[in-house]
Every structure is written in C-alpha cells, then in structure tokens.
Amino acid sequence: LKRLVDKQPGNIEGWFQLARAQAASGDAVSARESFDRAIMLDTDHRFPLLWIGKGELELREKRYADALAVAKDMQEYFPDNAMAYEIEAAAHRGSGDINQALDAVEKAVRVEGNSQRINLFAHTLATAGQAPKAVFMLRDWLEQNPEDGPSWTTLGMMLQQMGRQDEALEAYESALKFAGGNPVVLNNMAWLYLDRDLERAAEYAKKAYEIAPERAEIVDTYGWILFKQGMQQQALNILQQALVIAPRNPEIGLHVAEALVRQGRDSEAKPLLERILAEHQHTRHAAPARDLLKRLRN
C-alpha cells in the first residue's frame, strides 16, 4: 500500500486502505496522517467512509474532541449520513456528556432509523435516567417493526430493571420468537419465573446453559434453580462449574457455599464464606455470608 501511494499519490482509495491497515497494526499516528491525505484529496466530498474511518480511529484513541470535529465536518458535507451523528454521540459519551449524546443519537435515528440505532438510543436514554421514555420509544418502534427480536430483548431488559416483570416476560417471549435462542433472554426468563413457576424456570435455565455453558452467570442460574428444586448434588456440581469460571464472583460463591452447607460440608463452605466477607464486606453479599457463617458455628 505504501508503494501504491508513492506511485499514485492522488489515489484516494490507496490512502484510505493504507490508513485502515496502519490503524489495524496499532500505528494511530500514521493512520491519522493517511486518513487526512485521503480526506484532503476528496475535494468533492464523495466518500463519507474516509471521515467515518478517521472518526472511529479518534474514538478508539479516546481523542473525543478530535472525533467530535470529524463528526461536525461529516454533518456539513454528508448531512444525510447517520454515522455523522453516531460518531458525535460516541464522542459525547466518551467525554461524559450524556445529554449531548442523547441529542446526537436522536438525530441519527431521524436520519435513518434501524434496529441498531433504536437500541442504541434506548440504552442511552436509560443511562441518562430516562428509562420510561426508552420503553415508550421501543414500544412505538415495535408497533411498526414487530419482528425485531433485538428490540424486544432490549425492551424486556428495561422492563425487568424497572420491576415490571409480567411485561418483561411478554417482551422476552417475543424476543425468543423472532431472535431465536438467546441465552441471556432465556437466563433472564429463568430468574423471572423462579418465584412463580419453578419447573418453567428450570426449563429456561437448562436451555440457556446448553447454549452458553461458558458463561458463569448462566451456569450459576441453572445450578441455583436445581438447588431450589432439591437436586442437591447435581446443583452443587453445576454451581462449582460456575465458580471455576468466575472464582471471585460473590453471588456464585454464596450459592456454592449454601449448597455445601446443605450437604453438611461446612469445612469446605467456611473458607469460601470468609473470603467473600473479606473481599466484599461493604456490599449486599456480606450479610448473607455472615449469616451462613453463624449457622456453621452453631
């Protein structure tokens, strides 16, 4: 690529591909220079990808002011390109200005609404403390796009976080219908059914476990539901799998400790509980760990 641009210094595509290769190899300084050469040559502003490439480079390098400058140029030259506003939004998020990020994402959605942007907008709204508005917007989008599985998933998660469990389950059912076996959705449904239908909870948890046995939180859910069903040894085996994957996770540690205590294996539970107390003494995990330790001493 360097030989190409040396021989053809006016080759926009050559400079662009060189910039991408330099960025991929970690040479941000040279990549920036190559992007600038390509942009300088594009006097008729025909190739928005040049600005997108540079903007994404600046975002990766956490040069948010420079990324914002790229976004503003794009908005001048390519006002109908939604990426101009997405780069602006990412730059504002990176610099901690969530309200400005919201405005930019909303502009991107207006320019070109699609599932990815709608979900980005919803997450940004929720981050800004506007979850009800995010839910309203998602519902409005899904009325027009009822087969958008990812948006059903986002809606379910937000409703679950808001404590609206019945509505969350309905959204998750639609997510599974249109997006297939998403292990996160199945896992969340298992937790929501835990106190209302243990058998159904186990069904969803097992499906999630079969799809993603490498994810500690999913393995933990399945093991904990087996524990609730009274399958003590099987539950302990699964919970210990989760602990191997995430050995410092206090919630998983508590579940393993409780399963050990239930089987009378106090000597194995004790060091686990003591470690949780030592490492998480100011969290919500401390009280249950302390209570379990008291049961051991008694």
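The values are calculated or read from the model by the stated rules, or taken from the named source; none is laboratory data. Note that this is a predicted model, so its numbers are computed, not measured. So basically every Cβ, Gly included, is an ideal-geometry build from the backbone, and we count neighbours across all protein chains shown. Side chains are part of the model used for accessible areas, which takes the heavy atoms of the whole protein and leaves out ligands, DNA and RNA. Shrake-Rupley method; radii C 1.70, N 1.55, O 1.52, S 1.80 Å.
Below are the figures for this structure:
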| read-out | value |
| --- | --- |
| Efficiency of FRET from Cβ geometry, Arg60 and Leu1, R₀ 22 Å, rounded to 0.05 | 0.65 |
| DSSP-loop GluC sites (Glu not before Pro) across the range 185-288, with at most 13 other Cβ within 10 angstrom | Glu214 |
| Gap separating the Cα centres of the range 33-98 and the range 126-157, nearest whole Å | 28 |
| Accessible surface, the chain, averaged per residue in Å² (probe 1.4 Å) | 52 |
| Radius, Kirkwood style, for the chain when every pair of distinct Cα atoms is counted (Å) | 22.7 |
| The chain - percent relative contact order, Cα under 8 Å, separation 6 or more | 6 |
| Pairwise Cα inverse-distance average, inverted: Kirkwood Rh of the range 57-177 (Å) | 14.9 |
| Estimated vicinal HN-Hα couplings, Hz - the range 208-217 in sequence order (Karplus 6.51, -1.76, 1.60; Gly, Pro = x) | 4, 4, 5, 7, 9, x, 8, 9, 4, 5 |
| Of all accessible heavy-atom area on the range 1-138, the percent that carbon and sulfur account for (1.4 Å) | 50 |
| Mean separation of Cα contacts under 8 Å (6+ apart) over length of the range 175-232, as relative contact order % | 32 |
| Qualifying trypsin sites (Lys or Arg not before Pro) in the range 208-266, DSSP loop, other Cβ atoms within 10 Å at most 16 | Arg248, Arg265 |
| Accessible carbon and sulfur surface of the range 147-225 relative to its total accessible area, %, 1.4 Å | 45 |
| If the convex hull is drawn through the Cα atoms of the range 169-298, its volume per residue in Å³ | 107 |
| Two-site FRET efficiency, Ala28 against Gln233, from Cβ-Cβ distance with R₀ of 51 Å, rounded to 0.05 | 0.40 |
| Gaussian network model of the chain, Cα within-10 Å springs - most flexible of Pro247, Pro132, Pro183 | Pro247 |
| Relative contact order %, the range 35-109, counting alpha carbon pairs below 8 Å whose residues are six or more apart | 25 |
| In sequence order, calculated HN-Hα J values of the range 171-183 (Karplus, 6.51, -1.76, 1.60; Hz; x Gly/Pro) | 5, 5, 4, 5, 4, 5, 5, 9, 10, x, x, 7, x |
| Span per principal axis, largest first, for the Cα atoms of the range 1-59 (Å) | 26, 25, 12 |
